[in-house]
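Okay, so here's the structure we're looking at.
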Amino acid sequence: MVQADRGRQAFRGVCSECHSTSDFRGEDFEWQWRRQTVWDFYRQVTRTMPEEEPGSLSDQVYTDVIAYILRINEYASGDAELVASRQAMDLIPMGPGAVKTRIQDGGERERRRNPG
């Protein structure tokens, strides 16, 4: 997805000064954000990052970075780009219970749904 690629570039340019991608994936990350939505995560990031100037990036850059973080956590890409709106982001769960799609060899898709 083009948006996640833009997010990767923004992450490398801004976020990687203090964070690695491992900070935003795996069991610890999922556990921290369980029972919350992408909107909750987006709101936290926009209010606290970058550390020296919270909220200083455009909505598009924040949303692109969130799309990248979702991709590294194996979330399925939608048909349209993620938008910076509570209405859209509140529909996407974070952590256990989220629906993820992993592309396997030969294009096979595995859908994983954790009980929540």
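Every number in this text was worked out from the coordinates using simple rules, so none of it is lab data. Just so it is clear, the model here is predicted, and its values are computed rather than measured. Neighbour counts are summed over all protein chains in view; Cβ atoms, including those assigned to glycine, are modelled from backbone coordinates with ideal geometry.
Give me the one-decimal nm value for the distance between modelled label points at residue 52 and residue 76, 7 Å along each residue's Cα-to-Cβ direction. Those two pseudo-labels are separated by 4.2 nm.
For residue 37, nonlocal amide neighbours, meaning residues 5 or more places apart or on other chains whose placed amide H falls under 5 Å from its own, are 94.
Considering the stretch 1-79, its Cα convex hull presents a mean projected area of 5.1 nm². Among residues other than residue 88 with Cβ under 14 Å from its Cβ, the summed charge is -3 (Lys and Arg +1, Asp and Glu -1).
Once the Cβ-Cβ distance between residue 31 and residue 1 is put in as r, and R0 is 25 Å, what FRET efficiency do you end up with, to the nearest 0.05? The value I calculate is 0.45.
Residue by residue through the stretch 70-84, which ³J(HN,Hα) values in whole Hz follow from phi under the Karplus form 6.51 cos²θ - 1.76 cosθ + 1.60 (θ = phi - 60°), with glycine and proline marked x? Couplings: 4, 5, 5, 9, 6, 6, 5, 6, x, 6, 10, 5, 5, 10, 7 Hz. In order along the stretch 13-18, the phi-based Karplus estimate (6.51 cos²θ - 1.76 cosθ + 1.60, θ = phi - 60°) of 3J(HN,Hα) comes to x, 10, 6, 5, 5, 10 Hz; Gly and Pro are listed as x. Estimate the FRET efficiency between residue 12 and residue 90 by the formula 1/(1 + (r/R0)^6), using the beta-carbon distance for r and 30 Å for R0, to the nearest 0.05. E(calc), rounded to 0.05, equals 0.60.
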